[in-house]
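*Asks:* First, the structure itself, so that you have it in front of you.
The values are calculated or read from the model by the stated rules, or taken from the named source; none is laboratory data. Fair warning: this is a prediction, and the values are worked out from it, not measured in the lab. Positions of Cβ are generated from backbone atoms using ideal geometry, with glycine treated the same way; all protein chains shown enter the neighbour counts.
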Amino acid sequence: MILPDLFEFAYVPNWFDHLGTLAEMAMPESWRFTHPLIPPKNPDTPILEKYVNYVFKKQVIDFNNFQYESDPEYADKIFYLRNEKACFNTGLYTKNYKSIYGCFTRNKRKDTMLDWFFRGFFDDVAPDMKYVQPLPDKPGFLLPITGMTFFPAWDTRVNVNHILCDPDNFARLPMVVQRAKNLSLLLETAVELARRKASFEPGIVVPQGYQGKVQFLLPLCLLDTEHTDLAMTLTPMDGYYLGHTCLTLEMAYLNARLIGRPVAPWLLELVT
């Protein structure tokens, strides 16, 4: 079993430089927030950094499950780990629509105990990828029975008590909203308004990746019907959606990016 943390798995020198190279290789995309809530240590590609770290973690967890429980051959298609090479598919593509892989070799440095050394990001014809076969597949997420389709007509049941009583959820609400006496009513009204909007603009509801599964993100307007304040995660159930977690818009963007490049206006306005 291998560790799902990139920096516990391998020695990774010049990490930010590698991310810059990856951003140049991949199709053009915004990889930083215009006005981040907290200034990142990596000012140029913080979104890409979180994306790659999550993809690595997910692929390793899936690899461990198949390798040791059911299907070692399929595990190779998730995370390649043989002899002197290790490799995973980032889920990103070059400008020529070729998959981009993160590649490792055995670590020969004597100043670290880690078994692997991160070589960099490459496409399938790079010299470092010459002996990698099979090539790992891109990350996948378990779809609900309804697939990627959001049904606005379904009821949305909101676990208001969890959102208001859980410190993490409550802290994500705007400060002025936290002091409202009718907060539970305000929250449920915002959910209903968003559901009605989705009937006319289905594109405002965005799929997100969470713990290997697909959920939906519903944008909530609490103070101004034209301004999104936060997002609610919706889990598809049997004919209805369960809303039980609120996310900041940055958190929502990061989760949505795991599925694909966000195109909803309320997310696009966050990035440069």
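*Asks:* Within segment 136-159, can one find any residue that is within 30 Å of Trp15 (Cβ to Cβ), hydrophobic (A, V, I, L, M, F, W, C) and at pLDDT 95 or above?
*Replies:* no
*Asks:* Return the total of residues in segment 217-260 being surrounded by fewer than 20 Cβ atoms within 10 Å (Cβ to Cβ) and hydroxyl-bearing (Ser, Thr, Tyr).
*Replies:* 4
Conditions tested, residue by residue: (1) charged (D, E, K, R); (2) modelled with pLDDT under 95; (3) assigned by TED's automatic domain parsing to the domain that holds Ser30.
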| residue | (1), (2), (3) |
| --- | --- |
| Val176 | no, yes, no |
| Pro202 | no, yes, no |
| Tyr210 | no, yes, no |
| Cys221 | no, no, no |
| Thr225 | no, yes, no |
| Asp229 | yes, no, no |
| Thr245 | no, no, no |
| Ala264 | no, no, no |
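*Asks:* Among the residues in segment 94-116, are any of a type in the set (Phe, Trp, Tyr), at pLDDT 90 or above, in a strand (DSSP E or B) and over 16 Å from Thr21 (Cβ atoms)?
*Replies:* The answer is yes; a qualifying residue exists.
Condition check ((1) more than 25 Å from Ala126 (Cα to Cα); (2) under 19 Å from the mean Cα position of the chain (by Cα)) across all residues:
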residue	(1), (2)
Met1	yes, no
Leu6	no, yes
Phe9	no, no
His18	no, no
Ser30	yes, yes
Phe33	yes, yes
Pro36	yes, yes
Asp44	yes, yes
Ile47	yes, yes
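*Asks:* Given (1) closer than 16 Å to Pro152 by Cβ; (2) at pLDDT below 95; (3) among the aromatic types (Phe, Trp, Tyr), identify the lone condition not met by Phe216.
*Replies:* Evaluating Phe216 over (1) closer than 16 Å to Pro152 by Cβ; (2) at pLDDT below 95; (3) among the aromatic types (Phe, Trp, Tyr) leaves (2) as the failure.
*Asks:* Pick from segment 159-174 the residues that are in contact (Cβ under 8 Å) with a residue 24 or more places away in the chain and assigned to a helix (DSSP H, G or I): which of them is surrounded by the fewest Cβ atoms within 10 Å (Cβ to Cβ)?
*Replies:* Filtering segment 159-174 for residues that are in contact (Cβ under 8 Å) with a residue 24 or more places away in the chain and assigned to a helix (DSSP H, G or I), the one surrounded by the fewest Cβ atoms within 10 Å (Cβ to Cβ) comes out as His162.
*Asks:* Do any residues in segment 183-210 that are in a helix (DSSP H, G or I) have Cβ atoms under 8 Å from those of residues that are hydroxyl-bearing (Ser, Thr, Tyr), where the two are at least six apart or on different chains, and which pairs are they?
*Replies:* Val191/Thr156; Glu192/Thr156; Leu193/Thr225; Arg195/Thr156
*Asks:* Same structure again: Among the candidates Leu37, Leu81, which residue alone is part of a strand (DSSP E or B) and at pLDDT below 95?
*Replies:* Only one candidate passes the filter, namely Leu81.
*Asks:* Then there's this: I need every pair where a residue in segment 20-48 that is more than 15 Å from Thr94 (Cα to Cα) and among the basic types (Lys, Arg) has its Cβ under 7 Å from the Cβ of a residue that is part of a helix (DSSP H, G or I) and at pLDDT 95 or above, sequence separation at least 6 or different chains.
*Replies:* Qualifying pairs under 7 Å: Arg32/Pro46; Arg32/Ile47.
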